[in-house]
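Below: the structure, in structure tokens.
The values are calculated or read from the model by the stated rules, or taken from the named source; none is laboratory data. Just so it is clear, the structure is predicted and the values come from calculations on it, not from any experiment. Using ideal geometry, Cβ is built from the backbone for each residue, glycine included, and neighbour counts are taken over all protein chains shown. All accessible areas refer to the heavy atoms of the entire protein, side chains included, with ligands and DNA or RNA removed. Shrake-Rupley method; radii C 1.70, N 1.55, O 1.52, S 1.80 Å.
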Amino acid sequence: MYQELLFLDCTGAPEGLQQQTSTIPFRGKDGGRVTSVKPQSLVVARRPDSGGVEGPVISLLANHFLVKFDPFHRIFHYDVEISPYASKEVARMIKQKLVNDNSIVLSGALPAYDGRKNLYSPIEFQSDRLELFISLPIPSSKSLLPSEKSNDVQEKNPQSKLFRVNIKLVSKFDGKELSSYLSKEGDDCIPLPQDYLHALDVVLRESPTEKCIPVGRSLYSSSMGGTKEVGGGVVGLRGFFQSLRPTQQGLALNVDFSVTAFHESIGVIPYLQKRLEFLRDLSQRKTRGLTGEERNEVEKALKNIRVFVCHRETVQRYRVCSLTEEATENLWFPDRDGKKLRLVNYFKEHYNYDIQFRNLPCLQISRRKLCYLPMELCVICEGQKFLGKLSDDQTAKILKMGCQRPRERKAIIDTVMAGPVGPTSGVQGREFKLNVSREMTRLTGRILQPPKLKLGNGGYIRDLIPSRIDRQWNLLDSHVFEGTRIERWGLISFGGSADQKSSIPKFMNRLSQRCEQLGIFLNKNVVLSPQFEPIQVLNNVSTLESKLKKIYRAASNNLQLLICVMERKHKGYADFKRIAETSIGVVTQCCLYQNLGKLSSQFLANLALKINAKVGGSTVALYNTLPSQIPRLFQVDEPVIFMGADVTHPHPLDDFSPSVAAVVGSLNWPAANKYVSRMRSQTHRQEIIQDLSAMVGEILDDFNQELSKLPKRIVFFRDGVSETQFFKVLQEELQAIRTACSKYPGYKPPITFAVVQKRHHTRLFPNENDQNPNRNQLSDENIPPGTVVDTVITHPREFDFFLCSHWGVKGTSRPTHYHVLWDENHFSSDELQKLVYNLCFTFVRCTKPVSLVPPAYYAHLAAYRGRLYLERSDSSALTRNASTISRAAPPKAAPLPKLRENVKNLMFYC
């Protein structure tokens, strides 16, 4: 975390981004001082006060556990080099044997190891450099090949593998710098001591890693409630996340419950039967082979998965590299003497095993040498995270596993902390003089009051305060704030039974009525009769495009809205949206036939709100506009723009698709509830937004055109940035916003740049032992909307806060973390928290506050829409060729198709 902040200048934040002349030395990989760099003098914004004061107090618990450390206790950091290369798993076995066999050389230490290069010891070893040899019973892949020796001898005495381990002292450090960093009195210039923090992190992971399956920062174990099948060869496994965080109360360990998907540990054949529809009947049809297309699917499903063989007694694991081109029965290979052997005969002679699935290919486990494994003799190794794309059904089951009400989630976390696999389960903490509390952190939050809202009512303005506990309001006796008139619209249907299609006239009529009740005019007469197409049309891009163009022409090239009803979710949805918005220029609204059966009032209202927003209306506005709520900073005649930005990356197994960045900006003031968007594709997995300057510039142009003046202030919410990238994103993207402003002579508006994070693991629970009358009465309920926390568990110095702006209906609410990296508008804590909470009530798609500030939410939706434009339903050929592109150099991102002018400035993405 925050490691880039090592490159800070300590003279305070300057105006703009001038270069500083000072140079700051930083440490190289070996810990030695290397050349200096010339940093740009950006200092992340400091907290402007001691926290907010508005709102009644609520007593809470947070899943942070205080870690006490001895700042004077030294830690010795050693570099570990193992040859030949060993996987993390094997490296840990080597370390374990090394500690057991060399206690004297290691001065009796029980060091902590990260499985790669870093070893941390609480005491110094006898020598600064050690060379040790460790032998482990790991057969090499050579032992798979036939040898002159009898196989029985080989099985009973598996070959051992010898590893050379070089250990050298890199550095010695203590916790004085961290202690100083965490204290309020400490010098503002002290960077977070990353090396010490990393060491403590490794120490607290040592014991759980020995007993659990590590995945990223989480650890999973079947002892936490077993595995649960979710279908398709996938199982869900429970575990916990742990991470050290510098907070206002000191160093804290953030521990949370988590669930993730793993490959099921079963035979490769039954695994493929579960995973791939076309192989379901494989057991009954043992003689079947694979077509070229099927072989590619099987290879994709098995590539990089680790397997072990069940015809031998070895513990060796192999990683699937590819499939053989030939079927098993046609495979021959040379023995040690170069004599050709037929694979099926070899297994019969050596293992008395008749291969059953002879027409399937074998698994290839090495790129360099021939090493074939028949599929039926291989079993998927346990503990491998599933990286593929889960189906909707699998995702729902995994989410259900991880969906616990607050009381239950709290109990699971408390059990982890006290249990046999948790971070306090080993001796390491004691060795390194660490004391980890087993009690959750007690703290107080505040409940911000909901804003008064402005709705419409037959041309009159009506006000409403959302007074329910969930802060939801209904539109039963009122209209949307700004309803639109939709005179010209049409409907297209894909698939559906005759019975379903017959419900279309009723649906159109009911939707029109529901719109009318909400103050939206949807003409009862469509400009052309509903078009019914078979669902297969969605598979063919050119047919789909010609059908949509035909509809548009039939509507005299003037269509405000096209409603699309689908039989089921279909990948052609992406093509439909792309063609409508970039090729034709019409706003669309899709829905499924299964929802037309019930036609509930709620479903029709949700559809109506989305349609209204897409064609230019708005659902709600704040009754007391922002200038009246934050008068110190906002004036009615000095417009402010709220911007949001997000980047969406391709799926983990996709090595080549571009990432998609989106920026949105509010175009109206003081209502600030209509947002225009810009989207761009960029380099694969690039997090910094490459075209930010151009996108911000275009949005400023639109704003200027709309209001005849430029915004006086810019408030920019950046979604999806991890803490390690804070400084880089601030440095590059703040400069890009400045550059966009500089197109207008003398235009230098003050900018506030805040990162918005939903993907974190801090959870807040009502404190059940609290007698406070303001306490949430239902102890198993979530914290109420408006709960804000900006003390105890937040950053020791920087301007951040947790805000839970929504009501958690399922599971445990996740508050959103707002971290202000730059603030030239000089918001107080109360002002910014109130602003964010109020904006959460203005989201167009629903009548309740949302969990994420709308500019960030809209940017996320717009980036997702841009990703859809790149997903072609006929892209299988594209995907196949992609595997030949090297990982080292992702191709230049193909640009997104341009939006049509009549769609471009509408909220078509919401």
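Computed on the chain, with alpha-carbon pairs under 8 angstrom and 6+ residues apart, the relative contact order is 15 percent. Taken one residue at a time, the phi angles of segment 526-537 give Karplus couplings (6.51, -1.76, 1.60, θ = phi - 60°) of 6, 6, 8, 5, x, 9, 10, 10, x, 5, 4, 4 Hz. Gly and Pro are set to x. Among 110-121, 220-231, 368-379, sorting by the average number of other beta carbon atoms lying within 10 angstrom of each residue, highest first, gives 110-121, 368-379, 220-231.
Taking label positions 7 Å along the Cα-Cβ direction at both Glu732 and Glu124, the computed distance is 4.3 nm, reported to one decimal.
Of all beta bridges DSSP finds with both residues in the chain, what is the antiparallel percent, to the nearest 5? Among the beta bridges of the chain, antiparallel pairing accounts for roughly 80 percent. Protein heavy-atom accessible surface, 1.4 Å probe, per residue over the chain: 43 Å².
For Trp822, nonlocal amide neighbours, meaning residues 5 or more places apart or on other chains whose placed amide H falls under 5 Å from its own, are Ala45, Phe753. For segment 312-468, what does the alpha-carbon gyration tensor say about shape, rounded, prolate or oblate, given a ≥ b ≥ c as the root eigenvalues, a/c under 1.5 as rounded, and a/b over b/c as prolate? Taking the square roots of the gyration eigenvalues as a ≥ b ≥ c, segment 312-468 is oblate.
When Lys and Arg each count +1 and Asp and Glu each count -1, what net charge do the other residues less than 12 Å away from Ala327, Cβ to Cβ, add up to?
With Lys, Arg at +1 and Asp, Glu at -1, the net is 0.
Against the set (1) 30.3; (2) 29.5; (3) 31.1, the structure's computed Kirkwood radius over Cα pairs in Å falls on (3). Computed about the Cα centre, the dipole magnitude for the chain is approximately 1820 debye when only Lys and Arg (+1) and Asp and Glu (-1) carry charge, each at its Cβ.
Taking amide H as placed 1.01 Å from N in the peptide plane, Leu251 has its amide H under 5 Å from the amide H of Val67, each at least 5 places away in sequence or on another chain.
Starting from the Kirkwood Rh over alpha-carbon pairs, what translational D in µm² s⁻¹ does segment 588-663 have by Stokes-Einstein at 37 °C and 0.692 mPa s? Let's see the in-between values first.
Values: Rh = 17.2 Å.
Estimated via Stokes-Einstein, D reaches 191 µm²/s.
Highest mean packing comes first when the peptides 852-863, 679-690 are listed by Cβ atoms within 10 Å, giving 852-863, 679-690. Distant-in-sequence amide contacts of Thr816, defined by a placed amide H-H separation under 5 Å and a gap of 5 or more residues or a different chain, comprise Leu803, Cys804, Ser805. Taken one residue at a time, the phi angles of segment 893-906 give Karplus couplings (6.51, -1.76, 1.60, θ = phi - 60°) of 5, 5, x, 6, x, 7, 6, 6, 4, 6, 9, 3, 9, 9 Hz. Gly and Pro are set to x. Phi angles of segment 813-818 translate, via the Karplus equation with coefficients 6.51, -1.76, 1.60 and θ = phi - 60°, into HN-Hα couplings of 4, 10, x, 8, 9, 10 Hz per residue; Gly and Pro are given as x.
Lys and Arg at +1, Asp and Glu at -1: add these up for the other residues within a Cβ distance under 12 Å of Gly456 and post the number. Net local charge, Gly456 excluded: -1. Structural descriptor for segment 483-615: relative contact order 34 percent, calculated from alpha carbon pairs under 8 angstrom and at least 6 residues apart. How many angstrom lie between the Cα centre of segment 187-245 and the Cα centre of segment 460-477? What the calculation gives is 43 Å, centre to centre. For segment 456-537, a simple Cβ point-charge model (Lys and Arg +1, Asp and Glu -1, everything else neutral) yields a dipole of about 100 debye relative to the Cα centre. Expressed as a whole percent, the accessible area of the chain that falls on carbon and sulfur atoms is 50 (1.4 Å probe). Take the Cβ atoms of Lys550 and Tyr351, set R0 to 56 Å, and the FRET efficiency comes out at 0.30. Distance from the alpha carbon centroid of segment 526-564 to that of segment 54-124 works out to 62 angstrom.
Quick one: length gained pulling Ile266 to Thr683 fully straight, 0.36 nm per residue minus the C-alpha distance?
Result: 146.3 nm gained on full extension.
Helix-only arithmetic for the chain: the sum of -39500 (n - 2.57) across DSSP H runs with n ≥ 4, divided by the residue total, places the mean residue ellipticity at 222 nm at -7500 deg cm²/dmol.
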